[in-house]
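A short reminder: the numbers here are calculations on the coordinates, not readings from a lab. Values in this document were obtained by computation on a predicted structure and should not be read as measured data. When we count neighbours, we look across all protein chains shown, and the Cβ atoms used for this are built from the backbone with ideal geometry, even at glycine.
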Amino acid sequence: MGKTQIRYDDGVAYERMMGTWSRAAGEIFLDWLAPSRGLRWIDVGCGSGAFTELIVKRCAPTAVEAVDPSEAQLSFARGRPVGQITKFRLADALALPFSEARFDAAIMALVIFFVPDPAAGVAEMARVVCPGGIVAAYVWDMMGGGHPLELMHIEMKAMGFSPPLPPRSDVTGLEALTRLWRGAALDDIETREITVQRTFPDFDDFWTTSTLSATVSQTISAMHPNDVEFLKARMKERLAADVAGRIICSARANAIRGTRPL
């Protein structure tokens, strides 16, 4: 089977599936960054606005710009309680529509593996932050099996189906991220792993939620109903419920931060 590009054209579905995971990792990420209050932020590749909302709620920013190439995602994001300090706009991570040194912090949350030229994307973030400004990101460890749906991807591949994956999964390891940040001539580079868990009340909720993911739904749409049922049975067998019937899943992201030289 040929490779299929991942499409994100449903903000509601993305929010239910990935928004929850993003916030869980984002909370730990912001704890680690420990940013000052009153900063000017840019959220690059904001998607449904899950992380943008975290910035507003936790960091007391003076201004937030959130950009994404999907109007459908932005439409959903604009409905969040992010106040008048936040502006959502359609834009490309490789050509941010802002002047140099406009922001104090530039962030990519679960985005860098979708940027066609990650090095150029990091350079753009560095360009738009002021000297001493923060450039940071977190991303699922695709090469290390950290994606929330890694187990389902494995089962699909065992059945002969190839779920679409982010085109630049090769930049999700800590060493690869470090090379990108060094390539952008950033200082004070630090990295860390972020491990998160999510509890589903039962297997049916896990299945319904997980099949909203673009990597899963696009693959399932090409499968025979019998294959879908077999996949569902395999997942139910592999995911052991606790005594209350709950399904607990984990995921791992890699995070990196640096600062623009003074």
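For the reader, a short list of remarks on this structure follows.
- All alpha carbon pair distances within the range 180-262 were sorted into 10 Å bins beginning at 0; the resulting P(r) in whole percents reads 14, 31, 22, 16, 14, 2, 0.
- Least to most buried among GLU229, GLU190 (fewest other Cβ within 10 Å first): GLU229, GLU190
- Compared with the dominant Cα axis of the chain, that is its longest principal axis, helix 20-33 is turned about 30°.
- Charge dipole of the chain (Cα centre as origin; +1 on each Lys and Arg Cβ, -1 on each Asp and Glu Cβ, all else neutral): 340 debye, rounded to the nearest 20.
- Whole-angstrom Cα spans of the range 106-165 along principal axes, big to small: 50, 18, 13
- Cα-Cα pairs of the chain separated by more than 25 Å (percent): 43
- Scanning the chain for trypsin sites (Lys or Arg not before Pro) that sit in a DSSP loop and have at most 15 other Cβ atoms within 10 Å, the longest stretch containing none of them is 79-245.
- Our estimate of slack between THR208 and GLN84, defined as 0.36 nm per intervening residue step minus the Cα-Cα distance, is 41.2 nm.
- Of VAL44, VAL56, VAL64, the one that fluctuates the most in a GNM where the chain has Cα springs shorter than 10 Å: VAL56
- Percentage relative contact order, the chain, counting C-alpha pairs under 8 Å, at least six apart: 22
- Inter-centroid distance (Cα atoms) of the range 140-205 relative to the range 104-135, Å: 18
- Relative to the dominant Cα principal axis of the chain, helix 174-183 is inclined by about 30°.
- If the segment from ALA72 to ASP188 were pulled out straight at 0.36 nm per residue, it would be longer than the present Cα-Cα gap by 38.1 nm.
- Degrees between helix 118-128 axis and first principal axis of the chain (Cα, 0 to 90, nearest 10): 40
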